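S.K.: The structure is given below, and queries will be raised subsequently.
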Amino acid sequence: MPTFKVFRFNPDKDALPYFQEYKIPESKKMTVLEGLYYILENLDPTLAFRSSCRMGVCGSCAMHINGQYGLACETQIATLGDTITIRPLSHLKVIRDMVVDLDPFFAQYEAIKPYLVPKETPGPREFAQTPKERARIDFLVDCILCASCYGSCPVVGTDQRYFGPHALLKALRFVEDSRDGDTYNRLAFVATDNGVFRCHTIFNCQQVCPKDLDPTGAIGKLKMKSILAKLTGKLKKTG
Ligand code: FES
């Protein structure tokens, strides 16, 4: 019978957070999310956590599980040993138990303009891409904004003005998109004080990403592209 040791905090009534233990029935095929639902439905209806798709698509069940950030719906209990310690994502205010306030995370995402700025005035035809052009954004489009990388990033932990690995990976997704016409403004923006040059290349974000993406590598590419654009005078013209 695995023991779930779960972070609990209700700011309306608890002076401090604490851990609460629950025993759940042995099940070799149970995920951590299913374990949390077992607790909610059978042991403690006050437990709060987020989830939606239960299949690694929506990103809402990210949390800290036995020392690693990841998706509860994709983490098998059988891989975790007898005691499973669960905490909310770091660097975000706890609303209750595992539910955190994601507003700062999404504000940074919105700041990078996460939408195409077309090169041409939209008309009746589509903006087609060749397979080679599309390949440049393969993987980058797979980010589900779960915030595992954000929770694992020590730079975010020390200064929340830093744009964060999620926003910077998404910035590269638009810089690499052949249909986007805002490349040099994007590069100028990510090269400002709280952007790519704040990254210390610690690789935590790369290690925890449930989609096997590489935010550290994306930030490295943005550094190179913004330096090159600056050296060739392109940031000055449009930045
Ligand atoms: Fe959607 Fe886990 S519930 S990713």
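S.K.: Restricting to the stretch 133-169, count the residues that are out of contact with any Cys (no Cβ under 8 Å at 6 or more places or on another chain), away from the ligand (no atom under 16 Å from the Cβ) and either under 28 Å from residue 179 (Cβ atoms) or not assigned by TED's automatic domain parsing to the domain that holds residue 211 (or both).
M.R.: 11
S.K.: Right, next: Which residue, of 90, 27, 51, is within 16 Å of the ligand (Cβ to nearest atom) and either exposed (fewer than 13 other Cβ atoms within 10 Å of the Cβ) or polar (S, T, N, Q) (or both)?
M.R.: Of the residues listed, the single one that is within 16 Å of the ligand (Cβ to nearest atom) and either exposed (fewer than 13 other Cβ atoms within 10 Å of the Cβ) or polar (S, T, N, Q) (or both) is 51.
S.K.: One residue is enough: does the stretch 97-118 have a residue meeting the conditions assigned to a strand (DSSP E or B) and either surrounded by fewer than 19 Cβ atoms within 10 Å (Cβ to Cβ) or away from the ligand (no atom under 16 Å from the Cβ) (or both)?
M.R.: yes
S.K.: Next up: Would you confirm, using the coordinates I've provided, whether residue 177 is within 16 Å of the ligand (Cβ to nearest atom) and either in contact with a strand residue (DSSP E or B) (Cβ under 7 Å, 6 or more places away or on another chain) or at pLDDT 95 or above (or both)?
M.R.: So residue 177 fails the test.
S.K.: What's the total number of residues in the stretch 18-35 that are modelled with pLDDT of 90 or more and basic (Lys, Arg)?
M.R.: Total meeting the criteria: 1.
S.K.: Restricting to the stretch 54-87, give me the number of residues that are among the charged types (D, E, K, R), more than 10 Å from the ligand (Cβ to nearest atom) and either assigned to a loop (DSSP other than H, G, I, E, B) or without any contact (Cβ under 8 Å) to a residue 40 or more places away in the chain (or both).
M.R.: The number of residues fulfilling the criteria is 1.
The values are calculated or read from the model by the stated rules, or taken from the named source; none is laboratory data. What you see is a predicted model; the values in this text were computed from it and never measured. Note that each Cβ is placed from the backbone with ideal geometry, even for glycine, and that neighbours are counted across all protein chains shown.
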